[in-house]
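The structure appears right after this line, and notes come after that.
The values are calculated or read from the model by the stated rules, or taken from the named source; none is laboratory data. On a predicted model such as this, the values are computed, not experimentally measured, just so you know. Positions of Cβ are backbone-derived with ideal geometry, glycine not excepted, and every protein chain shown enters the neighbour counts. Note: areas computed on protein heavy atoms with side chains; ligands, DNA, RNA excluded. Shrake-Rupley method; radii C 1.70, N 1.55, O 1.52, S 1.80 Å.
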Amino acid sequence: MRGYTSLPLLLAHASLRAAALSLLLAARASLALQPLTGRVAIVTGSSRGIGRGIAEELGAAGATVYCAARSTRDGFRSDDRAVGPEVGELTVEAAAEAVDKAGGVGVACPRDTRAASK
């Protein structure tokens, strides 16, 4: 009977396939966690919102992230948008620390990228 195999042989193949798939997924997951190790990224607007999220994800992927933003702990603060206290500190230094915590290397770069002359 063409196309049919015995049940024990079919189960053996299924368990081998499952083991191989499990190993493949584990290897892919470990590669996905650190694909940017040794790479450098610059993220502007990294003190809040999408920029902050991008900086943290790049850090989680192993990158060195230069976090650029206007809001700093000891200088200019960009308070043009209201946020609740549960959001936490929205400074470039806090963004660099979040990158470090995520597994990358965060470097705080206080900058106002709106004006090239500054």
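Within region 67-118, how many residues are at pLDDT 90 or above, open to solvent by 40 Å² or more (accessible area, probe 1.4 Å) and assigned to a loop (DSSP other than H, G, I, E, B)?
The total comes to 1.
Based on this model, can you work out whether residue 51 counts as surrounded by 10 or more Cβ atoms within 10 Å (Cβ to Cβ), modelled with pLDDT of 65 or more, out of contact with any Cys (no Cβ under 7 Å at 6 or more places or on another chain) and not acidic (Asp, Glu)?
Yes; evaluated as a whole, the condition is true for this residue.
Which of the residues belonging to region 38-66 are part of a helix (DSSP H, G or I) and closer than 13 Å to residue 93 by Cβ?
The answer is 52, 55.
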